[in-house]
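First the structure, in the form of structure tokens, and then the observations on it.
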Amino acid sequence: MKTTSEHLQTLSLFEGLSGEELDKVARASSFRKFSPNEVIFSEGQFGNTWYVLLRGHVKISQMSEDGREKTLAIYTKGDFFGQVGLSTGLYYGASARAIQETEALLFSKPNFLKVILGNSSIVLQILERVSSHFHDYLVSTKDRTFERVGARLARVLVHYSTKSGDEGNEAVRFTHQELADIIGSTRETVSRTLKDYERQGLIAIGRKNIRIKNLRKLRQLF
């Protein structure tokens with residue numbers, strides 16, 4: 001079984017940190033498993049924890065005024081969320097729920113501050129990754145606005161396939177509605193587009209997943 005420091009070594013968020021620095025980060029964290037559909041935190045809940053994913057998938061969502069859930073993002077290994085928990089007096093602006101069995105490292109604000117105080121290399125590394133995370137968010141927002149639906153959907157399928165480290169043979173386990181929410185479209189449009197991709201031999205649609213069959217051609221769509 002991997003130690004926390006060994007888990008940290010596999011994450012780009014902590015890439016480049018020395019063994020001693022990784023040990024400091026590890027000591028400030030706690031390990032937690034979440035069951036499928038378990039709520040990690042709820043929208044409006046006081047934020048006091050930052051989460052770094054080791055395994056599994058987490059859905060970030062908000063409730064609309066008419067009571068419908070809208071998926072904002074799906075996070076997987078190496079992603080982080082809940083950074084509002086490192087601020088003072090802020091509340092989570094969305095809910096987080098485990099889609100499948102999920103493992104994460106949790107950082108409370110007091111423990112995290114103990115790590116970064118006097119450790120400039122750790123601060124710079126994390127700031128760089130948080131900035132990159134924000135840049136990716138801005139790019140995805142722009143894509144929703146200007147990129148056609150087919151290209152946005154292909155981009156999302158490729159993204160979650162390649163993040164697993166098993167390119168071309170990964171099952172993307174999201175519902176059509178979740179994919180629609182992520183790319184800013186409708187479930188009907190996503191279903192039609194997926195069927196078209198299946199006819200072209202790019203994917204195979206299963207009961208609970210979408211398997212990538214031709215990653216190279218999917219990439220050519222965006």
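Values quoted throughout were computed directly from the atomic coordinates according to the rules given, and no laboratory measurement underlies them. This structure is a prediction, so every number in the text was calculated from the model and none was measured. Ideal geometry is used to build each Cβ from the backbone, glycine not excepted, and the neighbour counts take in all protein chains shown.
Most exposed first by the Cβ proxy, i.e. fewest other Cβ within 10 Å, how do THR4, THR175 rank?
Least to most surrounded, the residues fall as THR175, THR4.
Using the eigenvalues of the Cα gyration tensor, what equivalent ellipsoid semi-axes result for the chain when each is taken as the square root of five times the eigenvalue, whole Å, largest first?
32, 20, 16
Determine the gain in length on full extension of the stretch LYS2-ARG211; use 0.36 nm per residue of separation and subtract their C-alpha separation, reporting nm with one decimal.
Extra length from LYS2 to ARG211 when fully extended: 72.3 nm.
For the stretch 4-133, what is the charge dipole size about the Cα centre, in debye to the nearest 20, if Lys and Arg each add +1 at the Cβ and Asp and Glu each add -1 at the Cβ?
Dipole of the stretch 4-133, to the nearest 20 debye: 160 debye.
By counting other Cβ atoms within 10 Å of each Cβ, how are TYR91, TYR51 ranked from fewest to most?
Final ranking by Cβ density, sparse to dense: TYR91, TYR51.
Just to be sure I understand the model, the point goes 7 Å from the Cα along the line to the Cβ. What's the resulting LYS70 to SER108 distance in nm?
3.5
Anything in the chain that counts as a DSSP H helix reaching 24 Å or more along its axis (C-alpha) with Kyte-Doolittle mean of at least -1.0? List them, would you?
Those that clear 24 Å and a mean of -1.0 are 120-146.
Taking only DSSP H segments of four or more residues, each worth -39500 (n - 2.57), what value at 222 nm results for the chain once the sum is divided by all its residues, to the nearest 500 deg cm²/dmol?
That calculation yields -12500 deg cm²/dmol at 222 nm.
Pulled fully out, how much extra length does the chain show between GLU198 and GLU101, if you take 0.36 nm times their separation in residues and subtract their Cα-Cα distance?
32.1 nm
Roughly how many whole Å is it from the C-alpha centroid of the stretch 1-47 to that of the stretch 95-128?
Cα centroid of the stretch 1-47 versus Cα centroid of the stretch 95-128: 6 Å apart.
Quantify how much of the Cα-Cα distance distribution of the stretch 4-133 extends past 18 Å, in percent.
Tail of P(r) above 18 Å: 53 percent of Cα pairs.
Could you work out how far apart the two model spin labels at GLN45 and THR10 are, taking each label as a point 7 Å from the Cα in the direction of the beta carbon, and quote it in nm?
2.5
Which order do peptides 202-208, 26-32 fall in by mean Cβ count within 10 Å, highest first?
Most protected by this proxy first, the peptides run 26-32, 202-208.
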